[in-house]
Structure formats: C-alpha cells, structure tokens
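These notes concern the structure reproduced below.
Just so it is clear, none of the values below were taken in a lab; they were calculated from the coordinates. What you see is a predicted model, and the numbers here were worked out from it, not measured in a lab. Because the Cβ atoms are built from the backbone with ideal geometry, glycine has one as well, and the counts that use them run over all protein chains shown.
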Amino acid sequence: MEAFVQGWGLTIALCAFIVIVFIAGWLHLHRELTWVRALTDHLGAELVASETKPASLLAQEIRDESHAVLTAKDAGWAQKQVRSWQMRAHRLEPSLAFWTDLLRQLGLLGTVVGIGLALAYTGTDMTKLLAPLALKVWTTVAGLATSIVLSASFGMKMTAWTDAAEKNLEAWDARRLETKVPA
C-alpha cells in the first residue's frame, strides 16, 4: 500500500478520476449546447417560416413543445414553458464555470493530498518525504489542463448560442403574444 500511495499509483488514479470528471463535464455541456442550438435554430426558422421540418429527434421534440405553447389555452402554462426554455439556456454558461472550477479544485486536492502525505512522514529519508509531493503535483497539471481544454472547447460557443437563443426566444415570444391578443 505504501508503494501505491508514495509512488505513481495514487497519482495515476487521481489523474484518471480527473479525466473521468472531464469526460462527464464535456458530455453534459455538449448535450446542453446541442439543445440550445436546436432551440435557437427552430425558433429562428419559425420566425421566418410557419412550417419547419425538424432535422433530428431533438428538433422534433422542440417543435412539438413550441406547437403546444402556441396552441395552449392556459396562458400561464405557456409562459412557464417559455420561461423554462430561457432558464435552461441561461444555465449553460454557469455550467461551464462549474465544470472548469471542479476540475481545477480536484487537481489542487491531489496536490494537497501529496502535501499531507509529505507532512505525515516522520522518517529521515528525504526521498520518502518529497516523493508524494513531487508526484501529486501532476494532479494539478491534469486538473488545469482539462479545465483549459473544456473552456477552449465551449467558451465562446456557449456565449454566442446563449445570446442567440435569448434573442430568438424574445422575438418568438413577442410574436406568440401578438397573435394571442383578443380581438
């Protein structure tokens, strides 16, 4: 067990955990960005043409939801649905911040574990004192590297698509409310 903790074993395990968290974050952000893109594209197309052909199951689901909002008898439910779309789109950027911060914190946690292991050693062998710390620094490198990759992959896309979704939602909702005005 000492060889695992003092050597590369624990460092590799911590770095592997960081990579697994990175993959989970990437998949979550990719799924949410895909949804925001589909919503933005569908609402933009509906503003231009009344009939749109969905390109995917997700687009078909959004088309069905928007049709339900347009034909809803309950104005409160329709407004709640539009508001839930807005909130889901607005949660995109904080989600990116959460995942990047989590990856950085996990990397730092590995280094803190290395410091703790180094401080817990009471012998006179300097290699056993410094080895855990020297190896666990790689967890910080892994955490920072994966957070940078995540930010670079999604950073500007999230901002652009969130803004576009907000504009299309406002325009679509304004048109929806215009057609609902009683004569």
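Couple of notes before you dig in:
- Put simply, the Cα atoms of the stretch 91-175 extend 76, 18, 6 Å along their principal axes, the longest span coming first.
- Span-like helix ranges in the chain, DSSP H, alpha carbon extent 20 angstrom or more, Kyte mean at least 0.5: 8-48, 92-120
- The calculated 222 nm mean residue ellipticity attributable to helices in the chain amounts to -31000 deg cm²/dmol, summing -39500 (n - 2.57) over DSSP H runs of n ≥ 4 and dividing by all residues.
- Dividing the mean sequence gap of close Cα pairs (under 8 Å, 6+ apart) by how many residues the chain holds gives a relative contact order of 35 percent.
- The stretch 18-180: Lys pairs at Cα distance under 22 angstrom, eight or more positions apart or on different chains: 7
- From least to most packed, judged by other beta carbons within 10 angstrom and beginning with the fewest, Ile23, Ile12, Ile62 follow the order Ile23, Ile12, Ile62.
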